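Note sheet for the following structure.
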Amino acid sequence: ALANQVRKMLARTEGDFLSGFEVLEQKVNDGDGTGGQTVRAAREVIWKQRAELVIALAEYEDAMGRLDMAIAPLKAALDALPERQDLARMLAIAYLKTGQTVRAAEVRRQYGLNRSNGNEH
């Protein structure tokens, strides 16, 4: 039941927090306010919290044998936080475990996960 609530919450809160704010701020005060910085900081906090929920959901789905259900949320979280190697690793693993080896290799390459021996560039 909790996993269903997490899935619904993630679906309801997709997209950027206050999308379009920067355009409005530019029109109102020529971008001279501090609102943009505040909104960007809030977005980062929100996405970091969402990432933690996605990780928990992915771990649950893996334990239940339904890791394919975690791929879309993992991709969305990684799109928002491309520096998160943990999300990239989990997405690559999800692809591998669901037989999508080409996509797993793409994720490993895109996010630098192949650098285990230091020879790959």
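The values are calculated or read from the model by the stated rules, or taken from the named source; none is laboratory data. Since we're looking at a predicted model, the values are computed, not measured. When we count neighbours, we look across all protein chains shown, and the Cβ atoms used for this are built from the backbone with ideal geometry, even at glycine.
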Residue count, region 37-60, condition of a type in the set (Val, Ile, Thr) and either over 16 Å from the mean Cα position of the chain (by Cα) or under 17 Å from Ala72 (Cβ atoms) (or both), comes to 4
For region 82-95, pairs from a residue that is aromatic (Phe, Trp, Tyr) to a residue that is assigned to a helix (DSSP H, G or I) and surrounded by fewer than 17 Cβ atoms within 10 Å (Cβ to Cβ), with Cβ under 9 Å and 6 or more apart or across chains, are Tyr95/Thr101; Tyr95/Val102; Tyr95/Ala105; Tyr95/Glu106
Quiz item: Is it the case that Glu22 is at pLDDT 80 or above, farther than 22 Å from Arg109 by Cα and either among the β-branched types (Val, Ile, Thr) or surrounded by 13 or more Cβ atoms within 10 Å (Cβ to Cβ) (or both)?
Solution: no
